[in-house]
Amino acid sequence: MHVPVEFGRGGRSSNNGLKVAVFGGTGFLGRYVCNELGKVGSTCYIANRGCEMESRHLKPMFDLGNAAFYFYHGKDEASIKEVMEGANVVINLVGKQFETKGLVPVDKATGKIDFFKGTRINASYHQANAEIPGIIAKCAAETESVQQMIHVSSIAADPDSPSPWAQAKFAGEEAVKAAFPDATIVRAATLFGHEDKFLNWYALMNGWYWGAPLVEDGSALVQPVYVGDVAKAIMKVVEANAEEYDFVTGAAYKGRTLELAGPAEYSRAEIAAFVKDVAKQHQNPIVVPKKVLSLVASGVEKLWNPYLTVNDVELMSMDQILDPANPHGNVTFGELGMDPTPMEAIAFQYLHRYRLAGHFVYTAGYH
């Protein structure tokens, strides 16, 4: 379904009448979602927690006047509602796969530096992935203009998972549904794409002369999905859920869960071997016992922007794939009329830069 153009020349140079508030738009998936919204002339209210520079890259995705940028705090309901004012759809992409940290330990009760009882954690897994999404959903439910909410989660979401991040993702879904029962939940598999922290991570680990670590034998399965496909799926739901355009079609997605994964499953060992092959790297993956890698990660995760956490080790040791039986009848790419993009069709575009001698040295005519 295409949202009818209200005025303009079509595409970005138009205004289709959709007004969408986006939280988490500056992140990996967020930039692709904003691009999908912008290229059909949607008006977007994009929330940002910090510096204006963090959202500057989103401006070219919209025609002049079709994007407005707001500052907000995840626990300040007034600032959240200001972003949503006038919007008919809210998209929540807020989440974090590591706990953000301050420079020094602070006593949360007093706000003062305390090296003995304080903590460096600014936002825990639960706060970033459950508490704040719940507050956003509550504000959406209380904003009269909002007709629908879309919340992005993960196929790893599970209250019984050994991963605190996966537990928080499930808690986030429950918090959103409690506040906004008609919300559409989007459970995405492991995302890959040019700016990802998945395939790029394996290439970086191989480039550090010791090879990418594999938990135990690297047999845990993943089903990577292209970030652009997930953004297009979200756009289909946004268009369908616009009540003034097609309420009947939109109702098909309200209150439902989408489970979006790629067309193939791979073991972690296969992913590491694939990246090594595409990037023409020489280091072999190293097999590390889970307890040993967790011990290493417990030190690394104290960094400001850690490249490995204990939670990552848990995720690397568990399967993250769809149940082919689809027992809950969740929406998949098939129901959306989409064929997910194979990882092999995209990966070379951004992995070849890790080749030590560059891309052209392997191409006839450039020697």
### Summary
Within segment 47-86, residues touching a helix residue (DSSP H, G or I) at 6+ places or on another chain (Cβ under 6 Å), within 12 Å of Phe23 (Cα to Cα), hydrophobic (A, V, I, L, M, F, W, C) and not in a helix (DSSP H, G or I) come out as Ala47, Phe69
#### Entry: Enumeration of residues in segment 322-335 that are within 18 Å of Glu265 (Cβ to Cβ), free of Cβ contacts under 8 Å to residues at least 40 places away in the same chain and surrounded by 10 or more Cβ atoms within 10 Å (Cβ to Cβ)
Asp323, Gly334
### Task
Kindly provide the set of residues from segment 268-285 that are closer than 24 Å to Asp319 by Cβ and touching a Leu at 6+ places or on another chain (Cβ under 7 Å), ordered by number.
Arg268, Ala269, Ala272, Val275, Val278, Pro285
### Query
Checking Asp229 against (1) assigned by TED's automatic domain parsing to the domain that holds Phe170; (2) surrounded by fewer than 21 Cβ atoms within 10 Å (Cβ to Cβ); (3) modelled with pLDDT of 90 or more; (4) not aliphatic (A, V, I, L, M), which test does it fail?
(2)
### Query
Any idea how many residues of segment 45-84 are on the phi > 0 side of the Ramachandran plot and within 19 Å of the chain's Cα centre (by Cα)?
0
### Message
Quick check on my filter: what residues within segment 194-244 are among the basic types (Lys, Arg) and either without any contact (Cβ under 8 Å) to a residue 24 or more places away in the chain or assigned to a helix (DSSP H, G or I) (or both)?
### Response
Lys232, Lys236
## Note on the structure
Over segment 336-367, the set of residues surrounded by 14 or more Cβ atoms within 10 Å (Cβ to Cβ) and at pLDDT 90 or above is Leu336, Met338, Pro340, Thr341, Met343, Ile346, Ala347, Tyr350, Leu351, His352, Tyr354
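Could you please let me know if Leu214 is surrounded by fewer than 19 Cβ atoms within 10 Å (Cβ to Cβ) and more than 15 Å from the chain's Cα centre (by Cα)?
So Leu214 does not fit the description; no.
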### Query
Is there any pair with a first residue in segment 20-43 that is under 20 Å from Pro224 (Cβ atoms) and a second that is charged (D, E, K, R) and at pLDDT 95 or above whose Cβ atoms are under 7 Å apart and which are 6 or more apart or on different chains, and what are they?
Phe28/Glu195; Phe28/Asp196; Glu36/Lys232
#### Entry: Selection from segment 263-292 of residues that are over 25 Å from the mean Cα position of the chain (by Cα), in a helix (DSSP H, G or I) and crowded, with 20+ Cβ neighbours inside 10 Å
none
### Residue check for Glu131: over 19 Å from Asn48 (Cα atoms), modelled with pLDDT of 75 or more and not aliphatic (A, V, I, L, M)
no
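The values are calculated or read from the model by the stated rules, or taken from the named source; none is laboratory data. None of these values were measured; they are calculated from a predicted model. When we count neighbours, we look across all protein chains shown, and the Cβ atoms used for this are built from the backbone with ideal geometry, even at glycine.
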